[in-house]
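I have placed the structure first, in the form of C-alpha cells, so that the comments after it can refer back to it.
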Amino acid sequence: MKATIHLSRVLLLALVLALAGCATISKVERGQQVVKDRLVVQLDGPWNQFDGTLAGTWPTWTVEGQTVDRLVFVVGLKDGGELAPPLPGAKDQRPLTFRANMQPHEIVALYQAFLTRDGSTFTLDKLEPVRFLEGSGFRFRFSVVRRFDDVRISGMGYAAVRGGELFAIVYSAPRLGFFPRYEAQIDKMAQSARLRG
Amino acid sequence: MKRRPFLMWGCAHCALLAASAARAQVTPPAAWTQPPRFAAPHPGSDEGGLWAQMAREEQRLRRGASVIRDPKLDAYLKAVSCRLVGDHCEDLRVYAVRTPLFNAVMAPNGMMQIWSGLLLRVENEAQLATIVGHEAGHYLQRHSVERLRDAKSRSAAMTFFAAFGLVGALAQLLAVAGLYSYSRDQEREADRVGLVLMQRAGYDTREAAKVWDNLLDELKARPGADPEKDSILFATHPGIAERRDALVQMAQPDGEVGEAALREALKPAQPMLLADELARGQYDQTIALLDRLVAREPQRADLRYTRGEARRLRADGNDVMLAVDDFKQTIALAEPPPAVYRSLGLVYRDQRQRDAAVQSFSRYLELAPDAADAGMIKSYLEELPS
C-alpha cells in the first residue's frame, strides 16, 4: 500500500498548496492575446490564467475562480496526441487520443469523455456548424452534472481542425448565474479567434 | 504499484465480496446474528456528530442533480433492501445516483447510494442483492463508526468523509485517488453478512460470484490489462480462482434470481444508463459489457446500437465494419433508436458513400427533427458532394 499512501500525500500537498493560493495565477489583460504562440483572441475584459495541479494540459483561464468557471484553450493538438493525461492512478484507462480524421461528433465525444472520466455526467444540448478560425468549424453546447459537488454546469465550445491539428476554446461554469454572465463574451472572443502566421 | 480507479471507485466496497468468501468458510455464515435496530446516537458523541454530518449530506443528495428521481425505481430498491435487512428496513434509505461507475456507498446513518454504473451492470435482483447486502453488512456491523474512531490523523479523517461522496475538491481528489476503503477485515465481514442476508432472504447466492466474474471480464478488456497483476485489489488478495471456487462452494442453490423484476424496474432508466456508459469513452470496457448484455438480450435494439456506437468511436482494426453490422441489426429489431441512422450516416460520410450517407442522415432528421445536433447533420447533407 506504499504507493497509495505516497499518492495521498502528494495529492494532499497539492491541494493544500492550491487552496493556500500557491497555484500560479497570472493576469491576462484585455485586448489582443496570443495563446501558446498560435491562437490569437481579442478580449473584452481581463482574465486570470492558472497553472498547477488544478489546471490541465492546456492554458486555462478563469474570471470567477478556478473551481467556478474555466476557459480552456486546446491549441494545435496533433493527430495521435492526447487531449489530457490520465487521471492519477488511471493508467489503465483508454487514452483520450485525437485523430485528425475525426468528425465534429467524434471530437465532441472525445471532450465528453474528458469531462466525464471522474464520474460526472454529460448531455449534449446543441451541435451546429459555425465559422471559427476564419473557416469552417463547429460550436457545441453541453450540460454537465459535476460529480464532486453535484453542481449543474453549462458549457460551450468552439472547435475546428486545421492542418490536421485540433483547436478549441471551451468555456464552462455553473448553469445558474455564472454561465449566462459570460456566454456572450465567450461567443465574441471565439469569433475573434484566428491563427497566427 | 499500479492502481485502477475503476476498481477503486467500483470495488472498494463491493467487489471484495468474493475476496473474503474463502475466509467466510471458516465461520459458517449462518452463525451470524442480526443486531436489533440502532437507536440514534447521542448528539454529543462522536457517532452523533457523524450522523448529523451524514444527515446534512443526505439532504444535499436529495436536492442535488445527480439523484435519479424515479419513484418506481426507488420503491424497488427499497423493497430489495427491506427484504434483506428485515427489522432495519425503515432505517435504510437507498438512493439511485446518476454516476456511470460501478459503486455503492453506505453511510452510517442508513443512507445508501447505488450508482448508475452498477445498476447497468447487474443482471438480476440476486446480483443487486449481493451489493445491497454487502453495504447493509457495513451498516449492521457499524463499520463506519469503527473507521471514524480509527481515523486519528486529520488526513485520515478527511479521507473518511471523502468516502461518502462529500462535496469539495479535497473529497474529490481523495476519492479519485481511491484512498478510502473499509479495512480488509471489515470488507470480509460485510461480505459474510451480505451473503447471510441474501441466503435468508431467499436469493440465489450463486449470483454473487457472477458479479465478480463480469467485472473482471470488463477490466481485462483493455488491451494489455492484467487485473491480477496490476490492480491493487488483486495484488493484495487471494487469487481469482480461489475466490471464485470459494463462492461456488458457499452458494445456496434454488434461491430466487429475479431477472424480470430488475429489468422492469430499470426499464425507464436504460437510455440514460447506456448514454452515460458510452460517454465515458472507455470503449474497451463498454464493448465487453455490451457483448455480455447483447448475448443476454439479443432482441434489444438499444444494446446493439450502443455496442455499435462504442465500436465506431473506438475505430480500432475492423471496429467500423463490426459497428455497421451492429447498426444494421439494430434497424432490423423493434424500436431502433433514431441515433442509429446518424451513426450509419457518419460512417458513410467518412467512407464517402454519398447516397447512403444522405439516406441515413435524412432518416435521422425525419425521426429526430429537434435533435441537439440537427443543425450539424443538415450541414453535412448540404456539403456532401453530389
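One residue stands out in segment A:18-56 among those that are over 17 Å from A:GLN185 (Cβ atoms), assigned to a strand (DSSP E or B) and open to solvent by 30 Å² or more (accessible area, probe 1.4 Å): the one that is modelled with the lowest pLDDT, namely A:ASP51.
The single condition among (1) in contact with a Ser or Thr (Cβ under 8 Å, 6 or more places away or on another chain); (2) surrounded by fewer than 23 Cβ atoms within 10 Å (Cβ to Cβ); (3) within 14 Å of chain A (Cβ to nearest Cβ); (4) at pLDDT 90 or above that B:ALA151 does not satisfy is (4). Restricting attention to segment A:171-197, the residues that are within 23 Å of A:VAL145 (Cβ to Cβ), of a type in the set (Gly, Ala, Ser) and surrounded by fewer than 20 Cβ atoms within 10 Å (Cβ to Cβ) total 1.
Being part of a helix (DSSP H, G or I) and within 12 Å of chain A (Cβ to nearest Cβ) is the filter here, so list the residues in segment B:60-105 that pass it. Correct list: B:ARG60, B:LEU61, B:ARG62, B:ARG63.
Considered as a group, the residues in segment B:69-88 that are in contact with a strand residue (DSSP E or B) (Cβ under 8 Å, 6 or more places away or on another chain) and open to solvent by 20 Å² or more (accessible area, probe 1.4 Å) include one that is farthest from A:ARG175 (Cα to Cα), and that residue is B:LYS78. Looking across segment B:283-325, the residues that are touching a residue at least 40 places away in the same chain (Cβ under 8 Å) and within 14 Å of chain A (Cβ to nearest Cβ) come down to B:ASP284, B:GLN285, B:ILE287, B:ALA288, B:LEU289.
Quick grid of which residues meet (1) charged (D, E, K, R); (2) open to solvent by 10 Å² or more (accessible area, probe 1.4 Å); (3) more than 16 Å from the chain's Cα centre (by Cα):
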{"site": "B:GLU90", "(1), (2), (3)": "yes, yes, yes"}
{"site": "B:VAL94", "(1), (2), (3)": "no, yes, no"}
{"site": "B:THR99", "(1), (2), (3)": "no, no, no"}
{"site": "B:VAL105", "(1), (2), (3)": "no, no, no"}
{"site": "B:GLY110", "(1), (2), (3)": "no, no, yes"}
{"site": "B:LEU119", "(1), (2), (3)": "no, no, no"}
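The criterion of being modelled with pLDDT under 85 and surrounded by fewer than 24 Cβ atoms within 10 Å (Cβ to Cβ) holds for B:ASP185.
The values are calculated or read from the model by the stated rules, or taken from the named source; none is laboratory data. All figures in this text were calculated on a predicted structure; none of them were measured in a lab. So basically every Cβ, Gly included, is an ideal-geometry build from the backbone, and we count neighbours across all protein chains shown. Just so you know, the surface numbers come from the protein's heavy atoms only, side chains and all, with ligands and any DNA or RNA stripped out. Shrake-Rupley method; radii C 1.70, N 1.55, O 1.52, S 1.80 Å.
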